[in-house]
Amino acid sequence: MLFTMKTELAAVLFFATVLAAPGTSQPADPKGPAVDTSFLKQYAETRGFSLGRPQKPKVAPDGKSVLFLRADGKTPRQGLFEFDVSSGKSRELLSPEMLVKNAEENLSAEEKARRERQRVSVGGFTDFHFDNTGNRVLLKLSNRLYIFDRAAGSTSELKTGEDGAIVDPKWAPDGKHIAYVRGFDVYSYDVAAGTEAPVTTGGTALKTHGLAEFVAQEEMHRFSGFWWSPDSKHIAYEEADHTRVETWYVADPFYPGVKPTEQFYPRPGKQNVNVKLGVCPANGGETTWIEWDRTTFEYLAIVKWEEYAPLTIQVQDRRQQRLVLLGVDIATGKTRSLVEETDAAWVNLNPGVPRFNGALGGFIWMGADKAGEQEIQLRDWNTGRLSDVLVPAELRPRDVESVYSARFETFLVYSGGTDPTTRLLYRHRTASRNVNPGGPDDLLTPEPGVHIGSFGKHGGPYTLTSTTLKSMPRSTVFNLQGAKLGELASVAEDPPFTPDVQVLKIGEGEGYYAGIVRPRSFDSNKKYPVLVYVYGGPTSQVVTQAMQPWLVRQWLADQGFIVVAIDNRGTAGRGRNWEKSVYKKFGTVPLEDQVNGLKALCKKFPEMDAERVGIVGWSFGGYMAANAVLREPDLFKAAVAGAPVTDWEDYDTHYTERYLGLLPVDQAAYEESSLLPLAKNLTRPLLLVHGTADDNVYFRHTLKLENALFRAGRDFEVLPLPGITHMITSDPHVMERFWSKTATFFQRHLGEPK
């Protein structure tokens, strides 16, 4: 395998642009129109105008302040800030420069990989953690741990061991210790004594303790591998044995003197990581291993051990058609089944549940009703049986955001709404202590847009970070009654324009949600070439009422196009059947919807030239873009495919098998979804763009398609990005040049408005 990858890599670098084959389009005119990239430069340097905006707001335990992270407008390095509830003012508490000279960071390979999984492209402080009082704040910078004392205004560095990367530090609930992974074992730090002690021993790169494995981070969005008990006496930790997993290597040809990076990468039909969960005393000692049927349920998906709650785990079978919530007896390691969710396609993970609250007499769960639609339920802790439906499926709940008690009532805050282009927050009053809720749920966010909340221990104060089609994200603080207390201070640059976006529903039957962006100099007497901005993968959406995602699309439109985005089947917010229509049909169903939605738009809006359509996307969107010109060349006349998955047998298990099934039983689904057999069909201009250091969608994917196209005698272009990972935003200059090249590519192949 390694030899094959190196051979194909050499081929793609040599044949970056392949000679034209008979019957295909002519080579592009190198004298294409110039584009003004000043906006792209500004966009890239400000990380999409996000630098300077408050990030990760957290309400202090006493409710008197809100802490948040923030960079300045153009420097991707975050400091720690405080919003005072009584005065409504913000101030800086701590900057990276106060701790490290010139704020220079030395990131370990483990930290770089973790940030890649979390899609973090900034430096400085990337997270912070309150102790139980809220006075002391734990931060990490350049593989060092610091405690900031808010009352004293002083900072102290923890005297940890020198060997190994420090990962995932967090306070014990009692505020006396801090646990973290150093190297491949869990350690506990006694804050008063200033000493470190191992909790686990014997961890290695092959068998880690306390670290979430690759698919847990990348696909389950579980970034932690250990958990404190609520009484601070025990720690549960994951042991991940990679012995049977394939080792893949990222070798960047731009740096031939650098040793390839090794990665355990589980592929469909191959061996997964062998995961166990153990519980041991917080000061070290014998581990009690948790018992469940790990042969049937090999994925440890979600672990929760929170205040007033027992240890629970959620495990999945490999097909992800069964999800079981298990209650754990930490003394014996025995488990009992509380809830089992099943689906003939797959069961989604909901990290927000279960939620426990003593006033409820049970736990809150997000599960399927009889029709398979998601609803929010109250279940009995002892039996797991359904006690009540708190939020029915017809209200389209998405996530449980908060559960809290105040003034003898218990409240549930959830996100959802019947319009999938928005994300609204609602508050539901539950029946508790003889108080009957009655009436509709409170809408906390009446303005259509995308809203994210952060709630205090008792519901207030709380922050709402909100964005609409006309406004960038703003973070506002409210008290328990919903009165505005102030706004977290922002120093971000504002975009130089507001995108001209039209969101609508198009097509017959269920229809498709779509967005249209016209040039700011739009002339209704002209017909414009059309660019489809696509993602198309399960759950993710591109048609949302949020301003930032439309900025680059507006810039593209200003280069002489009408840019459209369409959410096909598989996307979230439209029910079980809509979402799961893509099961084992990656190659056909999403593209069929893009075609139907596009044709409906072109029919409705005559300014769209259906004879000149291009398509661009990244990751799954790159797969969709390449798929479009290979399967539907009569409609799609050119494509830019960024970091495309071209052969699903080379992507990771947890994502791929969820949607395409298991090999070899479901081989037909993999073949139907592969781009490689379609290479001979290429007759349209295709630009493949891929980072050579990508450890998510490996550069191998573009190499395999390049090889198939080259051997079939097809014409195409390849742009390798040396040293770039899957997260193209990590390098602002590359981000700027990528979109500039995309615009000129389509200008050459689709022409100007007529």
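Remarks
Conditions (1) under 25 Å from Gly285 (Cβ atoms); (2) not polar (S, T, N, Q), marked per residue:
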{"position": "Gly153", "(1), (2)": "no, yes"}
{"position": "Ser156", "(1), (2)": "no, no"}
{"position": "Gly164", "(1), (2)": "yes, yes"}
{"position": "Trp171", "(1), (2)": "yes, yes"}
{"position": "Ala179", "(1), (2)": "yes, yes"}
{"position": "Val191", "(1), (2)": "yes, yes"}
{"position": "Gly194", "(1), (2)": "yes, yes"}
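- Positions within region 349-406 being under 19 Å from Ser337 (Cα atoms), of a type in the set (Ser, Thr, Tyr) and within 26 Å of the chain's Cα centre (by Cα), in sequence order: none
- Answer from Leu93, Leu67, Leu139 - the residue that is modelled with pLDDT of 95 or more, open to solvent by 10 Å² or more (accessible area, probe 1.4 Å), assigned to a strand (DSSP E or B) and of a type in the set (A, V, I, L, M): Leu93
- Residue match in region 460-479 (condition: in contact with a Gly (Cβ under 7 Å, 6 or more places away or on another chain), modelled with pLDDT under 95 and surrounded by fewer than 17 Cβ atoms within 10 Å (Cβ to Cβ)): yes
- Screening Gly358 against (1) open to solvent by 50 Å² or more (accessible area, probe 1.4 Å); (2) without any contact (Cβ under 8 Å) to a residue 24 or more places away in the chain; (3) more than 23 Å from Thr445 (Cα to Cα) leaves a single unmet condition, (2).
- Odd one out for Trp550, checked against (1) surrounded by fewer than 16 Cβ atoms within 10 Å (Cβ to Cβ); (2) not in a loop (DSSP other than H, G, I, E, B); (3) not aliphatic (A, V, I, L, M): (1)
- Region 287-311 residues that are at negative phi, paired with ones that are modelled with pLDDT under 95 and assigned to a loop (DSSP other than H, G, I, E, B) (beta carbon under 6 Å, 6 or more apart): Ile302/Pro351
- Selection within region 505-544: residues that are farther than 17 Å from Leu556 by Cα and polar (S, T, N, Q). The member of this set that is most open to solvent (accessible area, probe 1.4 Å) is Asn525.
- When residues of region 99-132 are limited to those that are of a type in the set (A, V, I, L, M) and farther than 30 Å from Leu485 by Cα, the one surrounded by the fewest Cβ atoms within 10 Å (Cβ to Cβ): Ala109
- Count of residues meeting criterion [in contact with a Lys or Arg (Cβ under 8 Å, 6 or more places away or on another chain), in a strand (DSSP E or B) and open to solvent by 20 Å² or more (accessible area, probe 1.4 Å)] in region 380-410: 5
- Scanning region 732-754 for residues that are out of contact with any Gly (no Cβ under 8 Å at 6 or more places or on another chain) and assigned to a loop (DSSP other than H, G, I, E, B) gives Gly751, Lys754.
- Check on Pro61, modelled with pLDDT of 90 or more, open to solvent by 20 Å² or more (accessible area, probe 1.4 Å) and not in a helix (DSSP H, G or I): yes
- Residue-level check: of (1) buried (at least 20 other Cβ atoms within 10 Å of the Cβ); (2) more than 27 Å from the chain's Cα centre (by Cα), Trp171 misses just (2).
- Count of region 41-58 residues, restricted to those that are in a strand (DSSP E or B) and either open to solvent by 40 Å² or more (accessible area, probe 1.4 Å) or of a type in the set (Ser, Thr, Tyr) (or both), is 3.
- In region 599-631, the residue that is farthest from Ser673 (Cα to Cα) out of those that are open to solvent by 10 Å² or more (accessible area, probe 1.4 Å) and in a strand (DSSP E or B) is Asp609.
- Just one of the listed residues (Ser415, Ser387, Ser405) is in contact (Cβ under 8 Å) with a residue 12 or more places away in the chain, of a type in the set (Ser, Thr, Tyr) and more than 24 Å from Asn479 (Cβ to Cβ), namely Ser387.
- Top-ranked residue of region 153-182 - restricted to ones that are hydrophobic (A, V, I, L, M, F, W, C), part of a loop (DSSP other than H, G, I, E, B) and modelled with pLDDT of 95 or more, ranked as nearest to Ser224 (Cα to Cα): Ala172
- Top-ranked residue of region 651-680 - restricted to ones that are open to solvent by 50 Å² or more (accessible area, probe 1.4 Å) and not charged (D, E, K, R), ranked as nearest to Ala625 (Cα to Cα): Pro677
- If you go through region 525-542 and pick out every residue that is within 28 Å of Ser38 (Cβ to Cβ) and touching a Phe, Trp or Tyr at 6+ places or on another chain (Cβ under 7 Å), you end up with 6.
- Pro519, sole failed condition from (1) touching a Phe, Trp or Tyr at 6+ places or on another chain (Cβ under 8 Å); (2) under 30 Å from Asp442 (Cα atoms): (2)
- Note on region 261-345: enclosed strands (runs of 3 or more DSSP E) holding 1 or more residues that are at pLDDT below 95 and either over 30 Å from Ala669 (Cα atoms) or open to solvent by 30 Å² or more (accessible area, probe 1.4 Å) (or both) are 261-264.
The values are calculated or read from the model by the stated rules, or taken from the named source; none is laboratory data. Given the structure is predicted, the values throughout are model-derived calculations rather than measurements. For neighbour counting, all protein chains shown are included, and Cβ atoms are generated from backbone atoms with ideal geometry for every residue, glycine included. Accessible surface areas use protein heavy atoms only, side chains included; no ligands, DNA or RNA. Shrake-Rupley method; radii C 1.70, N 1.55, O 1.52, S 1.80 Å.
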